[in-house]
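A short write-up of the structure that comes next.
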Amino acid sequence: MSSLPRIDIHCHAFHPKIASKVCEQLQDYYQMKASGTALWEDLEPRLRQAHIQYATVLSAATRKEQVEPANHYAVTQVNFPGAIPFGTIHPDYEKIEEMLAYLWDNGIRGIKLHPDFQGFRLDDPRMDRVYAACEGRFVVLSHVGDRFPPEVNPSCPYKIAAIKRKYPKLQLVAAHFGGYRHWEHVVKAYEGVEIYMDTSSALFAIPQELLEQIFKAFPRERFFFGSDYPLGDCNHEIELLQRRLRLTDTEIDQLMTNANVLNLTEGRKPLDD
């Protein structure tokens with residue numbers, strides 16, 4: 001096993017007041033049963049069982065009024081051993097630069113976007129100030145893809161690639177093997193640009209041929225393990241990922257440590273096995 005910590009780059013754990021409601025909404029939208037409760041207390045033992053030392057904790061404000069409470073709770077998660085909380089931003093929120101400064105000053109180094117839930121397009125001109133402010137500072141992890149064709153969907157691989165070309169120093173992670181249900185576009189869209197991809201919420205649906213095509217088209221260092229808890233369980237996702245890509249134990253361990261390149265664990269206390 002590598003000496004580097006293992007990281008689950010795509011998890012969600014919410015304030016106890018809203019966790020069950022958010023979990024129900026996720027289940028309704030994706031028409032699948034959640035594996036967990038969306039509480040850190042439920043996620044933590046799963047991580048330990050999988051020998052994962054760190055997990056990002058993601059949220060996305062669907063309205064501008066949610067930005068501040070969501071980010072205030074994220075700041076409290078900084079003190080959870082093993083947690084790497086990400087902040088959230090919405091283009092309707094007026095004080096974007098001030099909020100990003102608040103997050104940075106409180107130890108948060110990542111921003112989560114979910115355009116399909118948040119109600120904006122990734123290429124919305126209002127988002128340029130967000131990308132510019134994050135470039136060279138925050139990691140931006142975005143949901144990519146959905147049921148509509150790329151040209152009309154709020155997010156897609158081509159939009160992510162265009163953002164990277166415009167802001168080359170921006171560290172971008174495209175969720176769901178680069179584009180949920182947009183997998184046939186991933187190889188073409190990301191050719192020539194350095195886009196990281198996570199493995200979350202894809203393995204249950206992606207055809208084997210497309211999975212292998214994407215995995216072979218890019219350096220393995222570009223792929224980060226993600227479970228999408230509470231929809232997914234890290235232990236199950238590790239087993240499924242290893243089986244579908246026919247990875248050795250050494251290879252799966254490498255993939256699970258790739259996210260260390262983002263330098264998100266500095267100053268964080270890890271979970272003990």
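The values are calculated or read from the model by the stated rules, or taken from the named source; none is laboratory data. None of the values given here were measured: they were computed from a predicted structure. Cβ placement follows ideal geometry from the backbone for every residue including glycine, while neighbour counts extend to all protein chains displayed.
Which condition number in (1) closer than 16 Å to VAL140 by Cβ; (2) touching a strand residue (DSSP E or B) at 6+ places or on another chain (Cβ under 6 Å) is the one that ILE96 fails?
ILE96 satisfies every listed condition except (2).
Residue-by-condition table, conditions (1) closer than 22 Å to ASN106 by Cβ; (2) surrounded by 14 or more Cβ atoms within 10 Å (Cβ to Cβ):
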{"residue": "ILE7", "(1), (2)": "yes, yes"}
{"residue": "TYR30", "(1), (2)": "no, yes"}
{"residue": "LEU43", "(1), (2)": "yes, yes"}
{"residue": "ARG46", "(1), (2)": "no, yes"}
{"residue": "GLN49", "(1), (2)": "no, no"}
{"residue": "ILE52", "(1), (2)": "no, yes"}
{"residue": "ALA61", "(1), (2)": "yes, yes"}
{"residue": "GLN66", "(1), (2)": "yes, yes"}
{"residue": "ALA70", "(1), (2)": "yes, yes"}
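Yes/no matrix, rows are residues, columns are (1) among the hydrophobic types (A, V, I, L, M, F, W, C); (2) out of contact with any Leu (no Cβ under 7 Å at 6 or more places or on another chain); (3) modelled with pLDDT of 95 or more; (4) more than 22 Å from GLN77 (Cα to Cα):
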| position | (1), (2), (3), (4) |
| --- | --- |
| PRO168 | no, yes, yes, yes |
| VAL186 | yes, yes, yes, yes |
| ALA189 | yes, yes, yes, yes |
| ILE214 | yes, yes, yes, yes |
| GLY226 | no, yes, yes, no |
| ILE238 | yes, yes, yes, yes |
| LEU241 | yes, no, yes, yes |
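Of all the strands (runs of 3 or more DSSP E) wholly in segment 127-199, which have at least 3 residues that are of a type outside the set (D, E, K, R)?
139-142, 171-174
Check THR56 against each of (1) closer than 17 Å to SER142 by Cβ; (2) assigned to a helix (DSSP H, G or I); (3) under 17 Å from the mean Cα position of the chain (by Cα) and name the one condition it does not meet.
Status for THR56: all satisfied but (2).
Quick one: which residue in ALA74, ALA19 is surrounded by 19 or more Cβ atoms within 10 Å (Cβ to Cβ) and closer than 27 Å to TYR196 by Cβ? Reasoning before the result, please.
Numbers: ALA19 fails: closer than 27 Å to TYR196 by Cβ.
Going through ALA74, ALA19 in turn, just one is surrounded by 19 or more Cβ atoms within 10 Å (Cβ to Cβ) and closer than 27 Å to TYR196 by Cβ: ALA74.
What is the number of the single condition among (1) over 13 Å from HIS51 (Cα atoms); (2) among the acidic types (Asp, Glu); (3) at pLDDT 95 or above that ASP253 does not meet?
Looking at each condition in turn, ASP253 falls short on (1).
When the residues of segment 1-50 are narrowed to those that are of a type in the set (Val, Ile, Thr) and outside any helix (DSSP H, G or I), which ends up farthest from PHE225 (Cα to Cα)?
Here the residue is ILE18.
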